[in-house]
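*Asks:* Structure incoming, see below.
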Amino acid sequence: LTDKLQQILFSENIDNKIKSPDVNRSENEYNITIRSILHGNHRYPHRAVNQKKSGTATLSFTLLSTGMVNDSSITSSSGYRILDRAAITMLKRSTPFPPFPTDINKNHLDFIIPVEFKLNNHSTYIKY
């Protein structure tokens, strides 16, 4: 593994916490905050709903300690450009994020987030 901590926000845990010896309580709480902000900014494009397009786009980004996004990309496509763009737009709507708490002694965190678009309830959500 690299010296960068990969925050993989994909968990079946009921408390949505990341289970890793390298992640402290403050990082878990910060990760939950980031997911909540992203979730609040999701939009399922109406055109994609009308065309019955669904899928999961994997969004990766580097978050600086200031709360600014340094780099972002879709590392795994949903199969539909409109959904991939919606995942990136969700990230853009969410920035800037709150700065890191003082007890997170890192200058950045790398996030990998699956953003799922499902037609059954016409909503987008982040898998936990």
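The values are calculated or read from the model by the stated rules, or taken from the named source; none is laboratory data. These numbers come from a predicted model, not from an experiment. Glycine gets a Cβ as well: all are built from the backbone with ideal geometry, and neighbour counts include every protein chain shown. Ligands, DNA and RNA are stripped out before the accessible areas are found, and what is left, the full protein with its side chains, is counted by its heavy atoms. Shrake-Rupley method; radii C 1.70, N 1.55, O 1.52, S 1.80 Å.
*Asks:* So what are the ³J(HN,Hα) numbers for the range 73-81, from phi and the Karplus equation (6.51, -1.76, 1.60; θ = phi - 60°), rounded to whole Hz, Gly and Pro as x?
*Replies:* 6, 8, 8, 8, 6, 6, x, 9, 4
*Asks:* Now for a different question. Would you please put 110-116, 49-55 in order of how densely packed they are, using the mean number of other Cβ atoms within 10 angstrom per residue and starting with the highest?
*Replies:* Values: 110-116: 19.4, 49-55: 13.4.
Order by mean packing, descending: 110-116, 49-55.
*Asks:* A further question on this structure: What is the gain in length, in nm to one decimal, between residue 24 and residue 85 on full extension, counting 0.36 nm per residue of separation less the C-alpha to C-alpha distance?
*Replies:* Working: separation 61, 0.36 × 61 = 21.96 nm, distance 3.24 nm.
Stretched fully, the residue 24-residue 85 segment lengthens by 18.7 nm.
*Asks:* Right, another one. Subtracting the Cα-Cα distance from 0.36 nm times the residue separation, let me have the gained length for residue 106 to residue 52 in nm, one decimal.
*Replies:* Working: separation 54, 0.36 × 54 = 19.44 nm, distance 4.18 nm.
Stretched out fully, the residue 106 to residue 52 stretch lengthens by 15.3 nm.
*Asks:* Kindly report the accessible area of the range 43-128 per residue (heavy atoms of protein chains, probe 1.4 Å, no ligands, DNA or RNA), in Å². Please report the intermediate quantities before stating the final value.
*Replies:* Details: 4560 Å² over 86 residues.
Accessible area per residue, the range 43-128: 53 Å².
*Asks:* Can you compute the label reach from residue 68? Point 7 Å from Cα along the Cβ direction, backbone N cut-off under 14 Å, restricted to the range 84-116.
*Replies:* Zone members listed by number: 95-100, 108.
*Asks:* Under 5 Å between amide H atoms, partner at least 5 residues away or on a different chain: which partners does residue 76 have, H built in plane at 1.01 Å?
*Replies:* The list, which skips near neighbours in sequence, is 58.
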